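I have placed the structure first, in the form of structure tokens, so that the comments after it can refer back to it.
The values are calculated or read from the model by the stated rules, or taken from the named source; none is laboratory data. All of these numbers come straight from a predicted model, not from anything done at the bench. Glycine also receives a Cβ, built like all others from the backbone with ideal geometry; neighbour counts cover every protein chain displayed.
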Amino acid sequence: MVVVMRPGAAAEEVDAVVSRVEGAGGEAFISRGVQRTIIGLVGDVIAFQGLNLRAMPGVGEVVRVSKPYKLVSRENHPDASTVTVGSDVHIGPDTFVLIAGPCAVETAEQTFEAADMAKAAGATILRGGAYKPRTSPYAFQGLGVKGLEILAEARERTGLPVVTEVVDPADVAIVAEYADMLQIGTRNMQNFPLLQAVGGVRKPVMLKRGLSSTYEEWLMAAEYVAQRGNLDIVLCERGIRTFETATRNTLDVSAVPMVHAMSHLPVVVDPSHSAGKRDLVLPLTRAAIAVGADAVMIDVHANPTQALCDGPQALYGDELAEVARACRELPPLLGRTVSS
Ligand code: PEP
Ligand code: MN
């Protein structure tokens, strides 16, 4: 951290900053320029943040040099991480993973059909929501525990590990019992008690980016999970809120290389929720692979017109096969092995 004093700041003002920093156990190195004095701080940045240095007389600005997120930063962990889901699906820099399944678990039959479609296409993780965080309180809210049981049965049938969302800290234990990876949805990215709760379980977490969150806010949310001891986190870019209304959200393709540079965590892209339209899922999948995504997550449904949730973006089987072909053929061009 660097404190830049105002031009002409008095010597006592500089001394006051130094003694406050030293009082917090830090060291202060003063560099006097012609125009202004700069004080370099060495020590615990978190402790310095509580000192309110910016408000002290003579202080112009306080510039953070190191990242506020530590455990998930690239700075502190130069090698990209690989997160293992189930017994042997690896999400990381060397592999490419296709995750597919229904948006919501509606019935056992519908879930098994979608799971079979995912398996037939070559997906290696099954998605499906038992707890649905819906914008409208009148919309289908998910089957809850019954949905988790159906997902467990779908895992038995297909052999695919399951990712499913948890929306309430009180449900984390039960969801962790059934799921192979816990999903935190976009609307809950900054639900700090929920992040702390999933930080306490021994299952990987998929953290979706908040609707209007910056990369730093997203990584700070991941830091909440990591701080509680769970470093098995994958991030998921699922489109952000922009002025454009033709698509449901705008897929931020820059997020993938940017966040890979800022963090060691794997980055998944969800083209289905980004687009909200099935016709866009294939081109956005190709874009995601091209910018270095470690996995994509795709909605499928045997009968999208009857889907209780997100039918317009759910793929039919033949469309999923086409997406799966892109997921097989393109990643090897970029040096990745495709998970199978
Ligand atoms: C989902 O993946 O089912 C979902 C609800 O997505 P999001 O949180 O990105 O809207
Ligand atoms: Mn959905």
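Some points to look at:
- Residue in the range 320-335 that is of a type outside the set (A, V, I, L, M, F, W, C), within 16 Å of ligand 1 (Cβ to nearest atom) and in a loop (DSSP other than H, G, I, E, B) present: no
- Test: residue in the range 121-135 that is of a type in the set (Phe, Trp, Tyr), farther than 20 Å from Thr84 by Cβ, within 24 Å of the chain's Cα centre (by Cα) and within 16 Å of ligand 1 (Cβ to nearest atom): yes
- Residue under evaluation Pro68, criteria (1) surrounded by 16 or more Cβ atoms within 10 Å (Cβ to Cβ); (2) within 30 Å of Val163 (Cβ to Cβ), criterion not met: (1)
- When residues of the range 140-176 are limited to those that are polar (S, T, N, Q) and farther than 21 Å from Gly199 by Cα, the one surrounded by the most Cβ atoms within 10 Å (Cβ to Cβ): Thr158
- Of all the listed residues (Arg248, Arg241, Arg325), the sole one being at pLDDT 95 or above, surrounded by fewer than 23 Cβ atoms within 10 Å (Cβ to Cβ) and within 15 Å of ligand 2 (Cβ to nearest atom) is Arg248.
- For the range 299-318, a residue qualifies if it is under 26 Å from the mean Cα position of the chain (by Cα) and not in a loop (DSSP other than H, G, I, E, B), and the qualifying residues are Asp299, Val300, Gly311, Pro312, Gln313, Leu315.
- Which listed residue is under 30 Å from Thr337 (Cβ atoms) and over 20 Å from the mean Cα position of the chain (by Cα), from Phe112, Phe29: Phe112
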